[in-house]
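Quick one: structure below, then a few questions.
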Amino acid sequence: METNTSVKKSRWIKDRVFFAGVCVFSGLTAIPLVLIIWEVLKKGYRQLNWSFFTEEAPNSLEAMLAVNAGDLIPGGVANGLVGSLLMVLMAVVIAVPVGILAGIRLSEHPESRFSGVVRSVAELLQGTPSIVIGLIIYGWVVKPLGSYSGFAGGIALAMLMLPLIIRSTEETLKMLPASLKEAGLALGASYSTVILRVLLPSAFGGLFTGILLAVSRVLGETAPLMLTALGASAIEWNIFEPMSALPLQIWEFYNDPNLAGLIWSTSLFLLLLILALNLLAKRIARKWKV
Amino acid sequence: MFRGLLYGACVLVLLLCAAMVYSLVSGSWQAFGQFGFFRFLFSAEWDPTVGKEEYGAWAFVTGTLYTSFLALVLCIPFSLPVALFTGEYFKKTRIAAVIGSIVDLLAGIPSIVYGLWGFYTLCPLMKSWGLSDQGFGVLTSSIVLAIMIIPYASSLSAEFISMVPNELKEGAYSLGATRLEVVRTVVFPVAGSGIFAGYVLALGRALGETMAVTMLIGNTIQIPRSLGDTGNTMASVIANQFGEASGLKLSSLIAIGLLLFIITAVINFLGKLIMKRQRGR
């Protein structure tokens, strides 16, 4: 009897210790997040002012003089902001229509062999490292056009977005009840009308969420842009010229010790932007639940 | 007409992927032609001196494998508890949702910001702990990579852990098992291959990570011999050396890109395969 209770006790203790371990280590996972956000906030908030959004990146000398005088570094990230906007916009314009159409096809014929192949290929594309996408777009766009350009950067981002859009479209449409489509067809509407006027509007929330999440994913991409858009020190509206982007600017600031003060405010802004997109996506997903 | 449009979009996706593979292969042709596939893969030479150029991928392949596998090992003690926390112990509760969104946020931080944090916070720490001479190296990169892949590993594992049928667990409880014993003898065996697939896919993520690793690994061309050693991964060498590359060197970098593409494709394929098997059961 004596040993029986002690065995019981040791099993109970092991169970409790394991449970405590699970809780502690799960909690520990939050530490890097807190540390990163804390560091970015602490070092970056001072520089987030009006000129940060409206002025171009300063040159090294101006920044050095300002730092030596104990001032804030003049200038901002307007060139990166404009570049990021343009390139993400291009990516959306290219990737969203193709991705949604392909996603519709996959959800309409989920079992066909052709859909299986397309799905696997989209997964392959999604798993491809972004730097490899950069290499490929370099060969496709930068080399033939003879210059790094925002256009190439936009296409690279579109390649990264495409599989995400296909996937979110398929998942969203799969959740719509079949009766919706059947009702439309029974009323005599054509196939295209049913899809464009019935299915897509009902799935709008899910599709929009998918697009927002895809945008927030590619907004922080640096590596493929280094190989395609290259970066620019002034605001560039011409998409066939080298163009900057927020993450590219972080990289440039990181490589220039005089501009290092701008790293953190740019990172802070980028993080806030991504966070805002994610929160917005979550809200829309909750509100428009299909 | 409309069906044709849908079909066309799918065909476009297939064509894009075929064109990707084609341009990687044709771009690396020069390097493979010059050195031969196996010599290129297994040679650790990287000498851009004009006239006696010699390029090989082995130093970078080993660098990639070391950092990624080490990251995978380092992430297990954190991602597995998170998966159990959200998928079993506190399944469908508020606190699980909170932990879940914290981990999701980790996935949202751009690679370059992880790199900055590693450079300004982790490197000095590594130096003062004597784990690495300059703070850079395999271990530093792996720690940051491990943090970056926790979300991928834990969310997939949690999904499979939460799918373990209740009847099985109840059966074990009715025999007097404690929760730990249920986890060990029911949850892990049933969800095992799904959890494994989650880690395989997380490995696929780690293999292709570029910016954070480029900023932390030290970028030296050598096969790393110890944890504190500097090195280069396939992705980081492309990012580093691309700017000044042309001719044979560019072709060699594209060849490294092709190798990286093949390795990640195989790893991702395996992960998906295991996952589909598990789901289909």
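Every number in this text was worked out from the coordinates using simple rules, so none of it is lab data. From a predicted model like this one, the values you see are computed outputs, not experimental measurements. Cβ placement follows ideal geometry from the backbone for every residue including glycine, while neighbour counts extend to all protein chains displayed.
Considering only the other residues whose Cβ falls under 13 Å of the Cβ of B:ILE217, what net charge follows from Lys and Arg at +1 and Asp and Glu at -1?
-2
Using alpha carbons only, how many degrees (0 to 90, rounded to 10) separate the axis of helix B:94-108 from the longest principal axis of chain B?
It works out to around 0 degrees.
Still on this structure: Using a/c under 1.5 as the rounded threshold, could you call chain B rounded, prolate or oblate? The axes a ≥ b ≥ c are square roots of the C-alpha gyration tensor eigenvalues, and prolate needs a/b larger than b/c, oblate otherwise.
Since a/c reaches 1.5 but b/c is at least a/b, the shape of chain B is classed as oblate.
Could you work out the local net charge near A:GLY75, counting Lys and Arg as +1, Asp and Glu as -1, over the other residues with Cβ closer than 9 Å to its Cβ?
Result for the neighbourhood of A:GLY75: -3.
Compute the Cα gyration tensor for the stretch A:1-145, then decide on rounded, prolate or oblate, letting a ≥ b ≥ c be the square roots of its eigenvalues: rounded whenever a/c is under 1.5, prolate when a/b is larger than b/c in the other cases, and oblate in all that remain.
In terms of gyration-tensor shape, oblate.
Pull out a ≥ b ≥ c, the square roots of the eigenvalues of the alpha-carbon gyration tensor of the stretch A:78-287, then state rounded if a/c is under 1.5, prolate if not and a/b is larger than b/c, and oblate in the remaining case.
prolate
With springs connecting C-alpha atoms under 10 Å apart, model chain A as a Gaussian network and identify which of A:SER265, A:SER26, A:SER192 has the largest mean-square fluctuation.
Comparing A:SER265, A:SER26, A:SER192 in the GNM, the peak value goes to A:SER26.
Which FRET efficiency value, to the nearest 0.05, is calculated for B:GLN134 and A:ASP256 with the Förster distance at 30 angstrom and r the Cβ-Cβ distance?
0.90
Taking R0 as 35 Å, what FRET efficiency do you get between B:LEU227 and B:LYS52 from their Cβ-Cβ distance, rounded to the nearest 0.05?
That gives a FRET efficiency of 0.60.
Below 28 Å, Cα to Cα, which lysines can B:LYS169 reach? Residues fewer than 8 away in the same chain don't count.
A:LYS8, A:LYS9, A:LYS14, B:LYS91, B:LYS92, B:LYS272, B:LYS276
Which value in nm describes the separation of the simple spin-label points at A:MET175 and B:ASP104, placed 7 Å from the Cα toward the beta carbon?
1.1
Taking each residue of A:252-264 in turn, how many C-beta atoms of other protein chains fall within 10 Å of its C-beta, and what is the average?
Whole-number average of other-chain Cβ neighbours for A:252-264 is 1.
Compute the acute angle (0 to 90°) between the alpha-carbon long axis of helix B:247-280 and the principal axis of greatest extent of the alpha-carbon atoms of chain B; round to the nearest 10°.
So the inclination is approximately 20 degrees.
Given the C-alpha atoms of the stretch B:219-281, compute the convex hull and give its volume per residue in Å³.
Cα-based convex hull of the stretch B:219-281, divided per residue, equals 109 Å³.
Using a cut-off of 13 Å between beta-carbons, work out the net charge of the residues near B:TRP117 (Lys and Arg +1, Asp and Glu -1, B:TRP117 not included).
+1
I've got another one for you. What FRET efficiency comes out for the pair A:VAL17/A:LYS143, r = Cβ-Cβ distance, R0 = 60 Å, nearest 0.05?
Efficiency, rounded to the nearest 0.05: 0.50.
Where the centroid of each part is defined by its Cα atoms, how far is the stretch B:1-79 from the stretch B:204-243 in Å?
15
Run lengths n ≥ 4 of DSSP H only: what is the helix-derived mean residue ellipticity at 222 nm for the protein assembly as shown, with -39500 (n - 2.57) per run over all residues, to the nearest 500?
After summing the helix terms and dividing by residue count, I get -23500 deg cm²/dmol.
From the residues A:GLY210, A:LEU248, A:ALA229, which one has its Cα farthest along the dipole of the protein assembly as shown in the positive direction, the dipole being from +1 and -1 charges on Cβ of Lys/Arg and Asp/Glu about the Cα centre?
Checking the options against the dipole of the protein assembly as shown, the answer is A:GLY210.
Once both labels are modelled 7 Å past Cα along the beta-carbon direction, what's the A:SER6-A:LEU196 spacing in nm?
8.0
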